[in-house]
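What follows is a set of notes on a single structure, which appears directly below.
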Amino acid sequence: MSSYDVVIIGGGPGGYNAAIRAGQLGLKVACVEGRETLGGTCLNVGCMPSKALLHASELYEAAVGAEFKNLGIEVTPTLNLAQMMKQKDESVSALTKGIEFLFRKNKADWIKGWGRIAGPGKVVVTDSQGTETELLTKDIIIATGSEPMPLPGVEVDNKRILDSTGALSLPEVPKHLVVIGAGVIGLELGSVWRRLGSQVTVVEYLDRICPGTDLEAGKTLQRSLSKQGIAFKLSSKVTAATASETGVQLSVEPAAGGAVELIDADYVLVSIGRRPYTKGLGLESVGLETDKRGMLENKHHRTPVQGIWVIGDVTSGPMLAHKAEDEAIACLEQIVGKAGEVNYNLIPNVIYTRPELASVGKTEEQLKSEGRAYKAGKFPFTANSRAKINHETEGFVKVLADERTDEILGVHMVGPSVSEMIAEYCVAMEFSASAEDIALTCHPHPTRSEALRQAAMNVDGKAMQA
Ligand code: FAD
Ligand code: NAI
């Protein structure tokens, strides 16, 4: 039996960041993780492997298509899928080992095994041999993350019918990949396989892709992805799937009901969202209950039970690694009696397709429904010199600012490298900047970031380069 100040259940971005911060704050901390490696969904089967394949497949497509040729680079590339997967796995492994190093550096113990709450202040860990260890602690943080949402009638076997984990490790390039759900996973992994040679069809229940993103930005991204060859079947639902050794036959109907269409694919990716993961967590031992969606509610990261906290995908808010990280910091600061706060309005959102979509703050649709008077300043990448010389002119930057005060309320970008640029607006908005503040700030030339400034200038109709 060991005693701790804090025991964290789950070693993903929520859990591992909580463990590091606890160590920094001088607490005796243990993090319980059942996987073979730390890092959770994000490092093992999420953010990192998907970005590794997005990067590699983007370069492959540039080399194999007209892009390199037009730049005067003549090559005859061949795809070595096994090597592409190997370099992805090696990067992931280096990253997960990096977390082990950070644990040692910050004196956080990794307790290997599956944790179960066994009453107030008590966590029982079962390791892979079935041995149980009891941990006593002042505070428990639940950071058990999420798992893919199942779709009735479409049984994931990770042979022909895949979840995101299966789609990150396919042994061959599908001839026809059907993606169910035009959300972030569907578009990112659909893009990977299309670039590597698959025909990709995305079936989406709603009449738009990426619900929740600014509509104009979503439509712009859909146009670009369609041009690249992804076929979208919107307002449609998959009602059944029959898998064989060689492929899958899907029954697809209009969302509102109607004639069934049969679609053949050699692989299907089910990416219709994720749900909180609390299996075997022993919630009943302390009287904790999940809501209808399986989610543990929180008030400033506290559950209704004294001494039990919850962060990351398993609780409310966007299921994003940086949100889990922010909550980890705020939760630990609160445990030691400091002020910890997450600004949920300023959690950026990125879709790492090409072009990328990045946003922060309110969408136009949200501002309209709130009845808030706003001004919009837009600037297209076709008018940005760096984007032009790099032949990457798709997309735009849109800044939404309060009509009266000029405070920036939301920013939506579609274009090259916007994932790296959105943080400028996150900082500005944390400081309650006005669009004029950005418009008056010198930006380096020639960079894509000049489009951020020009869009801010255009909030008052004063963009100079378009
Ligand atoms: P998780 O990362 O899910 O970690 C929870 C951990 O808890 C897991 O390792 C699990 O094994 C462990 N666990 C669960 N129960 C127990 C138990 N009882 N005992 C011990 N251990 C337990 N987000 C982004 O911000 N950017 C991206 O680019 C991005 N890309 C993604 C791509 C894919 C394909 C997927 C699937 C997700 C992606 N996400 C991305 C989402 C991101 O991975 C999650 O938001 C993030 O991992 C949540 O962190 P977490 O710590 O809450 O949970
Ligand atoms: P998602 O919520 O992003 O998208 C799911 C899509 O499936 C939605 O468009 C929804 O309308 C649609 N859908 C739901 N049921 C359906 C059905 N029966 N038939 C057809 N379509 C249906 O979920 P996704 O893509 O699975 O990703 C899960 C989460 O993982 C994301 O919400 C995000 O939080 C996280 N993630 C983040 C990434 C990033 O930040 N770049 C990358 C990948 C995942």
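Can you confirm whether residue 321 is in the same structural domain as residue 40 (by TED's automatic domain parsing), within 16 Å of ligand 1 (Cβ to nearest atom), within 16 Å of the chain's Cα centre (by Cα) and crowded, with 20+ Cβ neighbours inside 10 Å?
Judged against the criteria, residue 321 is a match.
Of the strands (runs of 3 or more DSSP E) that lie entirely inside segment 89-169, those containing 1 or more residues that are farther than 30 Å from residue 239 by Cβ and touching a Phe, Trp or Tyr at 6+ places or on another chain (Cβ under 6 Å) span 108-112, 122-126, 132-142. Open to solvent by 50 Å² or more (accessible area, probe 1.4 Å) and touching a helix residue (DSSP H, G or I) at 6+ places or on another chain (Cβ under 7 Å), is that true of residue 437? Answer is yes for this residue. Confirm whether residue 336 is farther than 30 Å from residue 395 by Cβ, near ligand 1 (Cβ under 10 Å from one of its atoms) and touching a Leu at 6+ places or on another chain (Cβ under 6 Å). Spelling it out, it is not the case that residue 336 is farther than 30 Å from residue 395 by Cβ, near ligand 1 (Cβ under 10 Å from one of its atoms) and touching a Leu at 6+ places or on another chain (Cβ under 6 Å). Residues satisfying the criterion are present in segment 13-35 (criterion: touching a strand residue (DSSP E or B) at 6+ places or on another chain (Cβ under 8 Å), among the β-branched types (Val, Ile, Thr) and part of a strand (DSSP E or B)). With the condition kept exactly as written, say whether any residue in segment 59-74 is crowded, with 16+ Cβ neighbours inside 10 Å and either in the same structural domain as residue 170 (by TED's automatic domain parsing) or closer than 30 Å to residue 10 by Cα (or both). Taking every residue of segment 59-74 in turn, none turns out to be crowded, with 16+ Cβ neighbours inside 10 Å and either in the same structural domain as residue 170 (by TED's automatic domain parsing) or closer than 30 Å to residue 10 by Cα (or both). Can you say whether residue 96 is hydroxyl-bearing (Ser, Thr, Tyr) and open to solvent by 60 Å² or more (accessible area, probe 1.4 Å), as far as the supplied structure shows? So residue 96 fails the test. The residues on offer are 328, 324, 339, and the sole one that is more than 16 Å from ligand 2 (Cβ to nearest atom) and at pLDDT 95 or above is 328.
Per the listing 350, 360, the residue uniquely in a strand (DSSP E or B), outside the structural domain of residue 126 (by TED's automatic domain parsing), touching a Leu at 6+ places or on another chain (Cβ under 8 Å) and open to solvent by less than 20 Å² (accessible area, probe 1.4 Å) is 360. Residues satisfying the criterion are absent from segment 5-24 (criterion: more than 28 Å from residue 121 (Cα to Cα), more than 16 Å from ligand 1 (Cβ to nearest atom) and not assigned by TED's automatic domain parsing to the domain that holds residue 196). The set of residues from segment 135-149 being surrounded by fewer than 17 Cβ atoms within 10 Å (Cβ to Cβ) and away from ligand 1 (no atom under 14 Å from the Cβ) comprises 136, 138.
The values are calculated or read from the model by the stated rules, or taken from the named source; none is laboratory data. Since we're looking at a predicted model, the values are computed, not measured. Every residue, glycine as well, gets a Cβ built from its backbone with ideal geometry; the counts of neighbours run over all protein chains shown. Each accessible area value is taken on the protein alone, full model and side chains, heavy atoms only, with ligands, DNA and RNA left out. Shrake-Rupley method; radii C 1.70, N 1.55, O 1.52, S 1.80 Å.
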